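Read through the structure below, which is laid out as structure tokens, and then see the notes.
The values are calculated or read from the model by the stated rules, or taken from the named source; none is laboratory data. Small disclaimer: the values here were computed from a predicted structure and weren't measured. Glycine also receives a Cβ, built like all others from the backbone with ideal geometry; neighbour counts cover every protein chain displayed.
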Amino acid sequence: MAKSALLKSSLAKKYWMAFTGLFLCTFLVGHLLGNLQLLLPVSEAARDQFNEYALFMTTNPAVMILSYVTYISILFHAIDGIVLTVRNRKARPQKYVNFKPSTNTRWASRNMGILGTVILVFIVIHMQMFWAEMKFGSLEAYSTASGAQVKDLYTLTIQSFQDAEYGLIWVIVYVISMIAIAFHLSHGFASGFQSLGVNHPKYNNFIKKFGYAFAILIPLAFAIIPIYIHFGLEKI
Ligand code: HEM
């Protein structure tokens with residue numbers, strides 16, 4: 001490919017990475033709000049509420065469309081990320097003489113590819129654990145107090161993190177993955193706005209600060225869920 005065409009395609013890739021990345025940030029907020037229901041004290045009502053919520057999320061047509069956009073965004077973001085990372089490595093095979101990574105650039109910005117890969121592995125494991133079980137597994141279905149026929153995703157989720165043998169391992173896997181997400185977002189959030197062309201001295205500082213707050217608070221709130229289920233919530 002001619003150099004200018006390569007550059008053009010790299011710019012288009014960066015644009016789509018930013019677009020899908022920022023969309024996935026909105027997914028994270030919605031997913032977190034839904035998952036916070038898992039912190040409710042154990043009861044039949046809490047179980048019904050979470051399972052009815054999961055049923056709504058998988059059957060409501062508007063939410064289903066959003067879900068497909070989410071899956072496509074994850075694929076697009078991951079594939080583009082891998083291509084860009086490989087391309088950048090090839091373009092700069094030798095380190096600069098004055099290359100002092102720790103002082104010149106932040107650790108996260110230099111390791112977006114590795115962080116993204118860790119997150120992708122997490123998403124595959126995570127979807128296999130819950131989403132695939134709900135869609136294709138043999139999860140027990142029951143009738144809630146309001147008469148809805150639901151699969152018992154609540155019990156599956158709580159038991160996964162409370163399991164005597166593997167529960168703690170899952171908690172550790174989730175916490176490490178949330179740390180990777182935090183670092184990925186600490187660079188990715190503000191960088192996404194830059195790639196989309198939102199670059200104005202008036203807003204840059206705010207976007208950067210908001211990005212850091214987002215990168216800390218969202219993964220922290222996610223991490224609290226398995227930790228609390230394992231150590232704090234009544235055993236089921
Ligand atoms: C620690 C906290 C988390 C818990 C307890 C959790 C739990 C679940 C459960 C129960 C499901 C299936 C039902 C549903 O769609 O709501 C699900 C789906 C999913 N989760 Fe998570 N999740 C967590 C964190 C994350 C994170 C951090 C990501 C992304 C980086 C993620 C990505 C997904 C995706 C892509 C789906 C499929 C969603 C869909 O079908 O629309 N989850 N999660």
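The set of residues in segment 161-176 being in a helix (DSSP H, G or I) and farther than 30 Å from I79 by Cα consists of F161, Q162, G167, L168. Within segment 120-141, residues that are farther than 19 Å from A78 by Cα and of a type outside the set (A, V, I, L, M, F, W, C) have Cβ atoms under 9 Å from residues that are at pLDDT 95 or above and near the ligand (Cβ under 8 Å from one of its atoms) in these pairs: E133/L153; E133/L156; G137/L156; E140/L156, counting only partners at least 6 apart in sequence or on another chain. Is there a residue being modelled with pLDDT of 95 or more, over 30 Å from Q149 (Cβ atoms) and within 16 Å of the ligand (Cβ to nearest atom) anywhere in segment 60-75? Yes; the residues of segment 60-75 include at least one that is modelled with pLDDT of 95 or more, over 30 Å from Q149 (Cβ atoms) and within 16 Å of the ligand (Cβ to nearest atom). So, of the residues in segment 141-160 that are assigned to a helix (DSSP H, G or I) and among the aliphatic types (A, V, I, L, M), which turns out to be surrounded by the fewest Cβ atoms within 10 Å (Cβ to Cβ)? Filtering first and then ranking leaves L156. Regarding segment 211-229, can at least one residue be identified that is of a type in the set (F, W, Y), assigned to a helix (DSSP H, G or I) and within 11 Å of the ligand (Cβ to nearest atom)? Yes, there is a match, as at least one residue in segment 211-229 is of a type in the set (F, W, Y), assigned to a helix (DSSP H, G or I) and within 11 Å of the ligand (Cβ to nearest atom).
Could you grab me the full set of residues in segment 39-53 that are in a helix (DSSP H, G or I) and closer than 19 Å to S143 by Cα?
Of all residues in segment 39-53, those in a helix (DSSP H, G or I) come to 39, 44-53.
The answer is E44, A45, A46, R47, D48, Q49, F50, N51, E52, Y53.
If you check S186, S191, S138, which single one turns out to be outside any helix (DSSP H, G or I) and either of a type in the set (D, E, K, R) or away from the ligand (no atom under 12 Å from the Cβ) (or both)?
Details: S186 fails: outside any helix (DSSP H, G or I); S191 fails: outside any helix (DSSP H, G or I).
Going through S186, S191, S138 in turn, the sole match is S138.
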